[in-house]
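What follows is a single structure, written as structure tokens, with notes after it.
The values are calculated or read from the model by the stated rules, or taken from the named source; none is laboratory data. Only a predicted model underlies this, so the values are computations on that prediction, with no experimental measurement involved. Here Cβ is always computed from backbone atoms with ideal geometry, including for glycine, and neighbour counts include all displayed protein chains. Heads up: the accessible areas ignore ligands, DNA and RNA and are worked out on the full protein's heavy atoms, side chains in. Shrake-Rupley method; radii C 1.70, N 1.55, O 1.52, S 1.80 Å.
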Amino acid sequence: EVQLVESGGGLVQPGGSLRLSCAASGFIFSAYGMNWVRQAPGKGLEWVSTIARTGFATYADFVKGRFTASRDNTKNTLYLEMNKLKPEDSAVYYCAAVLDNITLKVDYWGQGTQVTVSS
């Protein structure tokens, strides 16, 4: 059974930090590019970051310099370190696995973890 289980979300004050985790199982984690995607209420999906099989990460402009993605292929786990959080970062954060880096089709989605940034 393929599973992507996000954790680490919660309530944090503006300017604060959170570290999200995504624990993967049921597939060869190291073969997949991993992504963080978020969705705020009433809004569409927003791509946050991609980290390649090699560990090379890219980011959306609105999180660049604040968020850091990483992965531990020995633990089948994806991370997102979020710093200097803003209210507009409030969303459900999903991890997503992509095998084909040409089509970029999402093969697997996690259930999401809620991040709320508020005073």
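Those strands (runs of 3 or more DSSP E) of segment 47-109 in which at least 1 residues are open to solvent by 80 Å² or more (accessible area, probe 1.4 Å) and in contact with a Leu (Cβ under 7 Å, 6 or more places away or on another chain), considering only elements entirely within it, cover 106-109. Checking each residue in segment 71-116 for being of a type in the set (D, E, K, R) and in contact (Cβ under 8 Å) with a residue 60 or more places away in the chain picks out GLU81, LYS84, LYS86, ASP107. Within segment 15-42, the residues that satisfy the criterion of being out of contact with any helix residue (DSSP H, G or I) (no Cβ under 9 Å at 6 or more places or on another chain) and assigned to a loop (DSSP other than H, G, I, E, B) are GLY15, GLY16, SER17, GLY26, PHE27, ILE28, TYR32, PRO41, GLY42.
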